[in-house]
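Just below is one structure, and these are the notes that go with it.
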Amino acid sequence: MDCKTVKIGLVGLGTVGSGVAKIILQQANSIAAKTGIKLELACVVDTDTKSARPVELPNGILTDNINRLLNDKNISIGVELVGGTTIAKQIQLKMLQAGKDVVTANKALLAEYGSELYAAAKQNNRCIAFEASCAGGIPIVSAIRTGLAANNITAMYGIINGTCNYILSNMTSKNEDFAAALDKAQKLGFAEADPTLDINGGDSAHKLAILASIAFGYEIALEDIFVEGIENIAKEDIIYGGEMGYILKLLAIAQKEKDNKISLRVHPSFIAKDNSLAQVSGSFNAVSIFGNAVGQVTYYGRGAGMMPTASAVVADIIDIAIGNSAGTFSHLNLKPRAEVKPFIEESGNLVSRFYIRLMVKDQPGVFAQFSKILAQDEISISGALQHEGHGPNNTIPVVITTHPTEQSKVTAALEDLDKLDAICTKPVCIRIVDIPEDAD
Ligand code: HSE
């Protein structure tokens, strides 16, 4: 087969950048045999040109001078894997102005400046491909944009941060501490350079903003998303939740509510142990999407790390080289922000079930006191758990689960509970999410 050679310029030789270089250098021939496109890594830019990397580059292609990439007219695709929202933005804009299509894994940048970058790409008659920005190696962006294009999407439930899923899985099944599990996730290359964004839910929110915008056709901003991370999760809640039939996951949820508004949220969620998403562990990600025609589809795979993310980056490079991306990108029409706000549900109005843990004094009448507060706020108890025993200072944990209730009512009840003398520490509250599951 006659092959067309496509030259690639890569900026950022970190974990994912090294994986991309590896795939291009080691698999160019097999990719050419399948696609008729011969990928050539023509230039790699990084501020650090000295440190050892897990990939050996051909002589002379590594530089700290980005102009070598920008000025090389033979490079048609620029890959930005620098991360962050400042320098990376300038790099993408310069690559577009220099006539290069852009491939990126930078979810933070697209979630914050996507509209501006997409407009710049359209102005320059170029495209931006961003499969690697969400759920690592899972081709979820392409699934939503093309595979599910016929559907009116009604809900999306995703485990889309590999670091958090790894931490929660290790706390659940290996009884590991939060800090030890996070440390391992960093060593394995799942976590962001600053893992704060992983554990505070920010990274999942970036990905949800991107996925929900293409699923619903709106320009979604981070401020539209209610976000809570896993940084305050205690091992005992994982254990008590487990005793009540639940497993804890950090879920990203986009859901059409009854009045056609969309609720967008990222928070720790107890889900039923027999739900398919409960089986997703370690750095794996999964996204369950509900479409009016297709029903439920669930995509599952490795959501973080060098090679899974590099797989998605190279898929985008190939898609651009083949000529598919230009068409898909030109049809990325998102309703502007001004029209979006009325369709976003306020988080206080959200209806959910809740897990509430109270550390109470082990004395008469305490149960009656807190159940009175819940009753006053019209919160109905669905389950309760109390072990015999003596906690610190004669306190014991009492766990209750609620029937569906509005978030605002629970917030008010938690404030009142906190004021009771018999309740010794701030109540813990975690949402229970009943994910529907299609069945025949
Ligand atoms: N830090 C991210 C995660 C990497 O853990 O999912 C993939 O986006």
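The values are calculated or read from the model by the stated rules, or taken from the named source; none is laboratory data. The structure presented is a predicted model; accordingly, all values stated were derived computationally and were not measured. So basically every Cβ, Gly included, is an ideal-geometry build from the backbone, and we count neighbours across all protein chains shown. Remember, those area values only see protein heavy atoms, side chains included, never the ligands or the DNA or RNA. Shrake-Rupley method; radii C 1.70, N 1.55, O 1.52, S 1.80 Å.
What figure in square angstrom, to the nearest 10, would you give for the accessible area of residue 395 with a 1.4 Å probe?
Accessible area of residue 395: about 10 Å².
Hey, could you grab the Kirkwood Rh for the chain? Inverse mean 1/r over distinct alpha carbon pairs, Å, one decimal.
Averaging 1/r across every pair of different Cα atoms and inverting gives 23.3 Å.
Express in nm, to one decimal, how much length is gained between residue 393 and residue 34 on full extension, taking 0.36 nm for each residue of separation and deducting their alpha carbon distance.
122.4 nm
Provide 22, 335 ordered by accessible surface of protein heavy atoms (probe 1.4 Å), highest first. Intermediate values should be presented prior to the final figure.
Working: 22 50, 335 90 Å².
Result, largest first: 335, 22.
Reachable aspartates and glutamates from residue 409, Cα under 15 Å, same-chain residues fewer than 8 places away excluded?
346, 377, 378, 418
Please give the helix 87-97 orientation as an angle from the longest Cα principal axis of the chain, in degrees from 0 to 90, rounded to the nearest 10.
The angle comes out near 40 degrees.
Taking the Cα centre of the range 1-128 as origin, work out the dipole magnitude from +1 charges on Lys and Arg Cβ and -1 charges on Asp and Glu Cβ, in debye rounded to 20.
Roughly 240 debye, rounded to the nearest 20.
Please give every one of the aspartates and glutamates within straight-line cross-link reach of residue 235, meaning a C-alpha to C-alpha distance under 16 Å, and leave out same-chain neighbours fewer than 8 residues apart.
Partners found: 176, 177, 243.
Would you please give the residues with an amide H less than 5 Å from that of residue 6, counting only those at least 5 places away or on a separate chain, with H modeled from the backbone geometry?
For residue 6, whose amide H was placed from the backbone, the distant partners under 5 Å are 38, 39, 40.
If each DSSP helix of 4+ residues adds -39,500 (n - 2.57) and the sum is divided by the residues in the chain, what number results at 222 nm, nearest 500 deg cm²/dmol?
The helix contribution divided over the chain gives -11000 deg cm²/dmol.
Between the helical axis of 366-376 and the dominant principal axis of the chain, each derived from Cα atoms, what acute angle in degrees is found, rounded to the nearest 10?
Rounded to the nearest ten degrees, it is 70.
As a test question: what accessible area, to the nearest 10 Å², does residue 307 have when a 1.4 Å probe is rolled over all protein chains in place?
Approximately 70 Å² for this residue.
So how strong a dipole does the chain carry about its Cα centre when Lys and Arg Cβ are +1 and Asp and Glu Cβ are -1, to the nearest 20 debye?
Roughly 1300 debye for the chain.
So which lysines pass the test for residue 50, namely a Cα distance under 20 Å, with those fewer than 8 places away in the same chain ruled out?
Partners within reach: 22.
Among 181, 154, 105, whose Cα projects farthest towards the positive end of the dipole of the chain, with charges put on the beta-carbon of Lys, Arg (+1) and Asp, Glu (-1)?
Final value for the positive-end residue is 105.
For the range 31-47, just list the computed ³J(HN,Hα) in residue order, Karplus coefficients 6.51, -1.76 and 1.60, θ = phi - 60°, integers in Hz, with x standing in for Gly and Pro.
5, 5, 5, 7, 10, x, 10, 9, 7, 10, 7, 8, 7, 10, 10, 7, 5
Would you check the accessible area of residue 299, probe 1.4 Å, heavy atoms only, in square angstrom rounded to 10?
Only protein atoms counted, so the area is about 50 Å².
Starting from the coordinates of the alpha-carbon atoms of the range 349-432, obtain the Kirkwood hydrodynamic radius over all distinct pairs and give the value in Å to one decimal. Let's see the in-between values first.
On the way: mean 1/r = 0.0782 Å⁻¹.
Hydrodynamic radius (Kirkwood, Cα only) of the range 349-432 equals 12.8 Å.
Extension gain residue 332-residue 258, at 0.36 nm per residue separation less the Cα-Cα distance, in nm?
Contour length minus the Cα-Cα distance gives 24.0 nm.
Do the alpha carbons of any pairs in 94/122; 107/187; 207/261; 89/187; 261/426; 38/122 sit beyond 24 Å of each other, and which pairs?
89/187; 261/426; 38/122
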